[in-house]
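Enquirer: Just dropping this structure here.
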Amino acid sequence: MSRRGDNIRKRADGRWEGRYRKERDSSGRIKYASVYGKTYKEVKNKLALVIACNDSNLIKKNRAIKFSDVLEIWIENNRIRQKGATTNRYRNLIDTHITPQLGHYDVKDITSSIINTFLAQKLESGRIDGKGGLSNSYVKSMMLIIKSALKFASDEEMCSPLKSPIFKPNDEKHELSILNHDEQKKLEEHLLTDTNETKIGILLSLHAGLRIGEVCALMWKDIDFVNRIIHVRHTISRIRVSKQENGAISKLIIDSPKTRTSKRDIPLSKFLLNILQSEKTVAKSEYVVSNTANFVSPRTYEY
């Protein structure tokens, strides 16, 4: 069995195992226990958490646990209940913004004042390119991560709960720009002239309310022409990967919609039915808005 690290090894069944000292028996002999995971990193984080939480003298010894370590353990523990795209977004926020500025703190030393100062700075001048501040919603996501990670640490007795509230950025309200009847008619006339995959996708958004990721993931088999129903079951998501041959750290995948209500059946109007039936006869792909074997990236399609 291959080994990696002093107390971590890869088992014959493919899982990683981390061993730690649990207690001593009545004769003074050390008793060991194990944690398991699919990756070395997952086991390493679990091991750090178990060792910290099973040390009964943790607080008395004033043992330092860095906030960066707490964030790593928190995100791994939450991976099971989060979609890949959500974990990827949280990971990006942690690696790009939170850990570089807050990761060096001992978790027990972090205060509401430190966090609020950090969030205010991100709103004012938090862009990586130095060209101003980040949006309220972006900073709010950071606030939720920090708050949840600190609650996790408090529940595991790594630190005490915060004594005062964390600053919450206000929700930004944007007025939606909606097409009027004449504008919609003009757009439709253009889309129905020399129809192609791109124009079909815009018509799907216009008449069926599909999001761009759902449009790109929609396959011809998702359309029930007999019962006139569009089955929305997938979307395109970007997830983080540890390594790829081309050096990329993320990739696009076909994923399930973010919420249960996003999986839905949409009635197919006669107008859209006729257009889709005609387009299917000349389709070159199993994806509705693609002319190749693969789906179109939402970013590419947006351009």
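The values are calculated or read from the model by the stated rules, or taken from the named source; none is laboratory data. Bear in mind the structure is a predicted one, so any value in this text is a computation, not a measurement. Cβ: placed from backbone, ideal geometry, glycine included. Neighbour counts: every protein chain shown. Keep in mind that these areas ignore ligands, DNA and RNA; they rest on the heavy atoms of the full protein, side chains included. Shrake-Rupley method; radii C 1.70, N 1.55, O 1.52, S 1.80 Å.
Enquirer: Residues 162, 134: which one is outside any helix (DSSP H, G or I), in contact with a Lys or Arg (Cβ under 8 Å, 6 or more places away or on another chain) and of a type outside the set (Asp, Glu)?
Expert: Selected residue: 134, the only one of 162, 134 that is outside any helix (DSSP H, G or I), in contact with a Lys or Arg (Cβ under 8 Å, 6 or more places away or on another chain) and of a type outside the set (Asp, Glu).
Enquirer: Restricting attention to region 131-153, does a residue exist that is open to solvent by less than 40 Å² (accessible area, probe 1.4 Å), at pLDDT below 90 and within 22 Å of residue 65 (Cα to Cα)?
Expert: Taking every residue of region 131-153 in turn, at least one turns out to be open to solvent by less than 40 Å² (accessible area, probe 1.4 Å), at pLDDT below 90 and within 22 Å of residue 65 (Cα to Cα).
Enquirer: Further question on the same structure: Being under 25 Å from the mean Cα position of the chain (by Cα) and small (Gly, Ala, Ser) is the filter here; which residues of region 93-121 pass it?
Expert: 103, 120
Enquirer: Name, by its number, the condition in (1) touching a strand residue (DSSP E or B) at 6+ places or on another chain (Cβ under 7 Å); (2) at pLDDT below 90; (3) open to solvent by 30 Å² or more (accessible area, probe 1.4 Å) that does not hold for residue 79.
Expert: (1)
Enquirer: Hey, another quick one. Name the residues in region 29-69 that are surrounded by 12 or more Cβ atoms within 10 Å (Cβ to Cβ), assigned to a loop (DSSP other than H, G, I, E, B) and modelled with pLDDT of 75 or more, would you?
Expert: 39, 65
Enquirer: Looking at residue 214, is it touching a residue at least 40 places away in the same chain (Cβ under 8 Å), assigned to a helix (DSSP H, G or I) and surrounded by 13 or more Cβ atoms within 10 Å (Cβ to Cβ)?
Expert: Judged against the criteria, residue 214 is a match.
Enquirer: In region 96-113, how many residues are part of a helix (DSSP H, G or I) and buried (at least 16 other Cβ atoms within 10 Å of the Cβ)?
Expert: Matching residues across region 96-113 total 6.
Enquirer: Then there's this: Considering each residue of region 222-281, count those that are at pLDDT below 90, of a type in the set (D, E, K, R) and touching a Ser or Thr at 6+ places or on another chain (Cβ under 9 Å), and give that number.
Expert: 5
Enquirer: Return the pairs, sorted by first residue and then second, in which the second residue is among the basic types (Lys, Arg) and surrounded by 14 or more Cβ atoms within 10 Å (Cβ to Cβ), the first residue lies in region 88-101 and is over 19 Å from residue 41 (Cα atoms) and touching a residue at least 24 places away in the same chain (Cβ under 8 Å), the beta carbons are less than 7 Å apart, and the residues are 6+ apart or on different chains.
Expert: Matching pairs, first to second residue: 97/122.
Enquirer: Follow-up question, since we're still on this one. List the residue pairs whose Cβ atoms are under 7 Å apart, where the first residue sits in region 144-172 and is without any contact (Cβ under 8 Å) to a residue 40 or more places away in the chain, the second is assigned to a loop (DSSP other than H, G, I, E, B), and the two are 6 or more positions apart or on different chains.
Expert: 147/166; 154/160; 154/161; 172/135
Enquirer: Which one is nearest to residue 276 (Cα to Cα), of the residues in region 192-207 that are touching a residue at least 60 places away in the same chain (Cβ under 8 Å) and in a helix (DSSP H, G or I)?
Expert: 200
Enquirer: Testing residue 16 on (1) open to solvent by 50 Å² or more (accessible area, probe 1.4 Å); (2) among the aromatic types (Phe, Trp, Tyr); (3) modelled with pLDDT of 80 or more, one condition comes back false. Which one is that?
Expert: Residue 16 satisfies every listed condition except (1).
Enquirer: Let me ask something else about it. Looking only at residues in region 272-303 that are over 17 Å from residue 217 (Cβ atoms) and of a type in the set (Ser, Thr, Tyr), which one is least open to solvent (accessible area, probe 1.4 Å)?
Expert: 278
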